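Novice: Quick one: this structure, given as structure tokens, is what I'll be asking you about.
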Amino acid sequence: MAAIKQREANKPRREKMELVFEMHITIREHFPDLFDSMRQIDDVRQKASTYGLTAILTACLAIFLFKSGSRNQYNQNRGEEKFKKNFKRLFGFDMPHGDSVHNVIELLNTDQIELLKHKMVQKLLQRKTFHPSRYRGKWFCIAVDASGVGSYDHERDKQCLHNTSKNGKTTYFHSVLEARLVTPQGFSVSIATVWIENPEGGEYDKQDCERKAFTRMAAKLKTLYPRLPILVLADGLYPYEGFFATCKANNWAYCVTFKDGNLPSVWSQANVLAPLQLSNTHIQECVLAGGKTIEQEFQWVMGIDYHGHALNCLECVETVSPANSDTSGTKPKITRFAHITNLPVDGSNIAGTSQVGRLRWKIENEGFNTLKNGGYGMEHQYARKSYTALKNYFQFMQMAHIIHQLMTLNTRFQEDFMKRPNHPTLKNLWFNLVAVMRFVDFDEQELKQRINTRQQFRFAS
């Protein structure tokens, strides 16, 4: 009886330890060559150091793996003896001070650090991790968008962008253009990054700067993934001739938001052709749990010519009606979505095409919003002066985010952790994960046994 009570008392602690094991197993299973790839990065330090470069890079990755949020919090974790011991048990390296990490990170070649992330993505593509989520069995959905990384009241470095308001106040900031592989199941994986830097002879203009950055992004994507079938998803800034030409030259598909007022000649042709294509309509309806109803009415126009580019326009008017039992007087919510695509569209695929265009939101929600508000500290100043360090920290953040997604979106994790009583949040689970690192001695024998036991990773399709 006493033994049973002791096992029950230890159960919560063991469940929390499983979180750490899951993270470590995820790294080992998906990226067995990660540490070898780190050793290939040039060590540019001039003086001998207590810590090897791989130990430094692992520590930088750990800042984001444990969602420290700052170098100071990382150092506080390091101050706990059990955390340091557990860190070495997990990764095989002593845990360097955050300042030692920073002194190296600001020296390293940014292209080599991004290449480290690229190798992780290539490994996932080789393992066909995202193949079940390809659109129409072919296209990998790549969402492209820009986001701010930090805002300052002074010129932090010479690469800062700046804007001056009507009252004369100048704001300085950094912005980045990301290409992220997105899936309906929740993946939002950074596959390429282009920094939007100080434009010569003028202030930051979103349209001008982001479009120029996309030209560089397209060249990078084609270099890194020359044979990848890409379907570009983007917001209403992207329907312009240069974008269409770039996609055509690279043999890419696209489905981008089409705002009122964009490309007046295309809207004019669509209005002329619509009455001639009256059969291009489709309506579908579904009833959700609880009785709420969603009705979607689709219309599309084919064969619009824009400077030699054949465009197809599609529109979805979505009406969400409350359940019949709802007596609160809630009115139906009507939303309109419009897209431009070069994909062939008909009644059998119109709903899917509209839905894949809306998948662009994954870069906002599961991407930037998670990185800013989900414990990663995307807008935190991990490097207050060094632009090189800023870039390198950003890439390690993306690598940690990839690992976390592989860990939390697999069906085993969802069943074992997310569907427990009281429905724990990821924030709460990571609080428990760090607590285990700080206060529990790992059983090294059990850790080795778990590492040597092959785990199967399945993701919802």
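Novice: Which shape class applies to the stretch 17-165: rounded if a/c is under 1.5, otherwise prolate when a/b exceeds b/c and oblate if not, where a ≥ b ≥ c are the square roots of the Cα gyration tensor eigenvalues?
Specialist: oblate
Novice: Continuing with this model, one more query. Counting other C-beta atoms within 10 Å, and keeping those with at most 16, which DSSP coil trypsin sites (Lys or Arg not before Pro) do you find in the stretch 201-283?
Specialist: Arg227, Lys259
Novice: Gap in Å between the Cα centre of the stretch 221-300 and the Cα centre of the stretch 396-457?
Specialist: Cα centroid of the stretch 396-457 versus Cα centroid of the stretch 221-300: 38 Å apart.
Novice: Using θ = phi - 60° and the Karplus relation 6.51 cos²θ - 1.76 cosθ + 1.60, list the HN-Hα couplings for the stretch 22-36 in order, rounded to whole Hz, with x at every Gly or Pro.
Specialist: Computed from phi, the couplings for the stretch 22-36 are 4, 5, 5, 5, 4, 5, 5, 6, 8, 10, x, 9, 4, 5, 5 Hz.
Novice: Moving on. Any idea what % of Cα-Cα pairs in the chain are farther than 44 Å?
Specialist: 21 percent
Novice: For the chain, what is the calculated [θ] at 222 nm in deg cm²/dmol (nearest 500), taking -39500 (n - 2.57) for each run of four or more DSSP H residues and dividing by its residue count?
Specialist: -13000 deg cm²/dmol
Novice: Give the peptides 430-441, 18-29 in descending order of average Cβ contacts within 10 Å, highest first.
Specialist: 18-29, 430-441
Novice: Once both labels are modelled 7 Å past Cα along the beta-carbon direction, what's the Ala219-Ala48 spacing in nm?
Specialist: My value for the distance between the label points is 4.4 nm.
Novice: Using the heavy atoms of the protein chains and a 1.4 angstrom probe, tell me the accessible area per residue for the stretch 185-326 in square angstrom.
Specialist: Here the residues of the stretch 185-326 average 48 Å² of exposed surface.
Novice: Going 7 Å from the Cα of Ser265 along its beta-carbon direction, which residues of the stretch 300-323 have the amide nitrogen within less than 15 Å of the resulting point?
Specialist: Residues 304-311 qualify, since their backbone N sits under 15 Å from the label point.
Novice: Holding the Cα-Cα limit at 20 Å, pick out from Lys85/Lys448; Lys47/Lys385; Lys158/Lys385; Lys84/Lys419; Lys391/Lys427; Lys169/Lys206 the pairs that are longer than that.
Specialist: Result: Lys47/Lys385; Lys84/Lys419; Lys391/Lys427 exceed 20 Å.
Novice: Rounded, prolate or oblate: which one fits the stretch 304-390, using the alpha carbon gyration tensor with axes a ≥ b ≥ c (rounded when a/c is under 1.5, else prolate when a/b beats b/c, else oblate)?
Specialist: Numbers: a/c = 3.59, a/b = 1.31, b/c = 2.74.
Judged from the Cα gyration tensor, the stretch 304-390 comes out oblate (a/c at least 1.5, b/c at or above a/b).
Novice: Compute the FRET efficiency between His423 and Gln456 as 1/(1 + (r/R0)^6), taking r as their Cβ-Cβ distance and R0 = 22 Å, and round to the nearest 0.05.
Specialist: 0.35
Novice: Another question, if that's okay. Under a cut-off of 26 Å between alpha-carbon atoms, report the lysines in cross-link reach of Lys138, not counting same-chain residues fewer than 8 places apart.
Specialist: Lys117, Lys119, Lys123, Lys128, Lys220, Lys222, Lys248, Lys362
Novice: Now for a different question. According to the square roots a ≥ b ≥ c of the eigenvalues of the Cα gyration tensor, what is the shape class of the stretch 289-440, taking rounded for a/c under 1.5, prolate for a/b larger than b/c otherwise, and oblate for the remainder? Show your work: numbers first, answer last.
Specialist: On the way: a/c = 2.58, a/b = 1.41, b/c = 1.83.
Note, shape of the stretch 289-440 comes out oblate.
Novice: Taking all protein chains as present, what is the carbon and sulfur share of the accessible area of the stretch 235-391, in % to the nearest whole number, probe 1.4 Å?
Specialist: Details: 4010 of 7860 Å².
So the carbon and sulfur contribution to the accessible surface is 51 percent.
Novice: Now for a separate question. Could you put Glu80, Glu210 in order of accessible surface area, largest first, with the 1.4 Å probe and the full protein assembly present?
Specialist: On the way: Glu80 55, Glu210 0 Å².
Reading off the accessible areas and sorting them downward yields Glu80, Glu210.
The values are calculated or read from the model by the stated rules, or taken from the named source; none is laboratory data. It should be emphasised that the depicted structure is a prediction, and the values quoted were computed from it without experimental measurement. Note that we place each Cβ from the backbone using ideal geometry, even for glycine, and neighbour counts take in every protein chain shown. Note: areas computed on protein heavy atoms with side chains; ligands, DNA, RNA excluded. Shrake-Rupley method; radii C 1.70, N 1.55, O 1.52, S 1.80 Å.
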